[in-house]
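Quick notes on the structure that follows.
The values are calculated or read from the model by the stated rules, or taken from the named source; none is laboratory data. Since we're looking at a predicted model, the values are computed, not measured. We place every Cβ from the backbone using ideal geometry, glycine too, and count neighbours over all the protein chains shown. In case anyone asks, the SASA skips ligands and DNA or RNA and just uses the protein heavy atoms, side chains included. Shrake-Rupley method; radii C 1.70, N 1.55, O 1.52, S 1.80 Å.
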Amino acid sequence: MKIIKLHDLYFKPFINKEEISEIVKTLALHVKADLPKDEVPIFVGILNGCFLFAADFIREFKGNCEVSFVKLASYEGTSSTENIKHLVGINEDLTGRTVIILEDIIDTGNTLQEIYNIFRNKNVKQLKIATLFFKPDVFKKELPINYIGKEIEDKFIVGYGLDYNNLGRNYPEIYQLTTQPKMKNIVLFGPPGAGKGTQATLLKKKYDLLHISTGDVFRFNIKNETELGKLAKSFMDQGDLVPDEVTINMLKAEVEKNADANGFIFDGFPRTESQAIALDEFLAEKGEQINGMVALEVPEDLLVTRLLERGKTSGRTDDTDESKIRNRFNEYNTKTAILKDFYQEQGNYYGIDGVGTIDDITARLSEVFDTL
């Protein structure tokens, strides 16, 4: 989950789909447990927001039931109003029936009060209310709320059927209103020999960003024998890959140490999709996001030649063996391809021509940075 923008507002992750699923399942179990044996209730969902909750609730309800939907609009923008429209959609004879109203969210209770009064006058046997979310701080009515999935604070939310001016209903998670992100956070990628380190140094000065290199972070933690450094070294000494969780925690610590920064250039991280997801979630918790993945694109043969030349003077043995260089490219391309797809799906991937002078490449990168 990451920060999303709907119209002019930003929303941060609040409740994931796994937690929602558990809440719905628990509600369905409680409702079923309270019904007499062989009772066939009629569930009435309140449109528009309730359609996802109602569908999942009914699937979790283990027993026969009937389903209907009614519509009563009362929202404009992000605030609840007193202007309630007419109820439409109920045609069944409810005399002697057990009716359970399904609501996605109850805040002031204005809309629900109107609906409740209508059903109460239909000679029902029993009338109950089940809601996915409940805002106790702003609830103004004396209605009996029989089943509450989760109590939440009075902040505007979207997702899982809830909308902001008609957008956001289709998200499977719940997002909460937040402020506009202030940081510029860039994932900078480039194959070996593309000059990524040089460009990161120039760009961090130009845009007043902090450069976080995974290699530097690892070396610092290992050299200073931090808890994470010792943990990482224990895996490396056994020839094992350092687990994602350790790498992620190192990067989180670096961000936490520089909470007032204007943003970060992440170099060498993320390297896997799970790391990219973890980075999104970590930043979203802080009301921030990755603005884009910017990748230097250079033909492999050109870089092989460049690295072999560098190997003549650099003293780096891995730059003198073409087969080893090709293996490094294969590893890079495999990992980058996965991340390229990940960020492209978000609309956040930017491929940059990495051939030319340092100044030319900086200028191309800057054109992208200026838009992020």
* Asked: Any chance region 257-267 includes a residue that's small (Gly, Ala, Ser), crowded, with 18+ Cβ neighbours inside 10 Å and in contact with a Lys or Arg (Cβ under 9 Å, 6 or more places away or on another chain)?
  -> yes
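Go through region 275-286 and count every residue that is at pLDDT 90 or above and either aliphatic (A, V, I, L, M) or open to solvent by 20 Å² or more (accessible area, probe 1.4 Å) (or both). Outline the logic, then answer.
Taking region 275-286 first, the residues at pLDDT 90 or above are 275-284.
Now restrict to residues that are either aliphatic (A, V, I, L, M) or open to solvent by 20 Å² or more (accessible area, probe 1.4 Å) (or both): 276-279, 281, 283-284.
So the count comes out to 7.
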Of the residues in region 317-333, those that are touching a residue at least 12 places away in the same chain (Cβ under 8 Å) and in contact with a Leu (Cβ under 9 Å, 6 or more places away or on another chain) number 6
Note on region 158-183: residues at pLDDT 95 or above, over 14 Å from the mean Cα position of the chain (by Cα) and open to solvent by less than 60 Å² (accessible area, probe 1.4 Å) are Gly161, Leu162, Asp163, Tyr164, Arg169
* Scan region 248-258 and give yes if some residue there is farther than 27 Å from Pro191 by Cβ and in contact (Cβ under 8 Å) with a residue 24 or more places away in the chain, otherwise no. => yes
Exercise for the section: Evaluate region 4-22: report whether one residue or more is hydrophobic (A, V, I, L, M, F, W, C), more than 16 Å from Tyr175 (Cβ to Cβ), open to solvent by 50 Å² or more (accessible area, probe 1.4 Å) and assigned to a strand (DSSP E or B). Expected result: no
Subset of region 50-86, residues in a loop (DSSP other than H, G, I, E, B) and at pLDDT below 90, comes to Leu72, Ala73, Ser74, Gly77, Thr78, Thr81, Glu82, Asn83, Ile84, Lys85, His86
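Could you tell me which residue of region 257-273 is nearest to Ala295 (Cα to Cα), considering only residues that are among the small types (Gly, Ala, Ser) and modelled with pLDDT of 90 or more?
Looking only at region 257-273, we keep the residues that are among the small types (Gly, Ala, Ser), and these are 259, 261, 263, 268.
Filter once more, so that each one left must be modelled with pLDDT of 90 or more: 261, 263.
Values: Ala261: 23, Gly263: 18 Å.
Across region 257-273, the extreme among qualifying residues is Gly263.
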Every listed condition ((1) outside any strand (DSSP E or B); (2) surrounded by 16 or more Cβ atoms within 10 Å (Cβ to Cβ)) holds for Glu142 save (2)
Taking region 199-210 and keeping only residues that are within 28 Å of Lys233 (Cα to Cα) and either assigned to a helix (DSSP H, G or I) or over 24 Å from the mean Cα position of the chain (by Cα) (or both), one is left with Ala200, Thr201
Here the qualifying pairs (Cβ atoms under 8 Å; residues six or more apart or on different chains; first in region 287-307 and touching a residue at least 40 places away in the same chain (Cβ under 8 Å) and surrounded by 17 or more Cβ atoms within 10 Å (Cβ to Cβ); second in a strand (DSSP E or B) and among the hydroxyl-bearing types (Ser, Thr, Tyr)) come out as Gly292/Tyr349; Gly292/Tyr350; Met293/Tyr349; Met293/Tyr350; Val294/Tyr350; Ala295/Tyr349; Ala295/Tyr350
Considering region 145-157, residues that are in a strand (DSSP E or B) and of a type in the set (D, E, K, R), and then whichever is surrounded by the fewest Cβ atoms within 10 Å (Cβ to Cβ), we arrive at Glu151
Restricted to region 315-344 and to residues being open to solvent by less than 70 Å² (accessible area, probe 1.4 Å) and in contact with a Ser or Thr (Cβ under 9 Å, 6 or more places away or on another chain), the residue modelled with the lowest pLDDT is Lys335
The number of residues in region 88-135 that are open to solvent by less than 10 Å² (accessible area, probe 1.4 Å) and among the small types (Gly, Ala, Ser) is 2
Taking region 23-60 and the residues there that are of a type in the set (Asp, Glu) and over 25 Å from Thr111 (Cβ atoms), the one that is surrounded by the most Cβ atoms within 10 Å (Cβ to Cβ) would be Glu39
- Just wondering, is there one or more residues in region 345-364 that are in a helix (DSSP H, G or I), loosely packed, with under 12 Cβ neighbours inside 10 Å and under 20 Å from the mean Cα position of the chain (by Cα)? yes
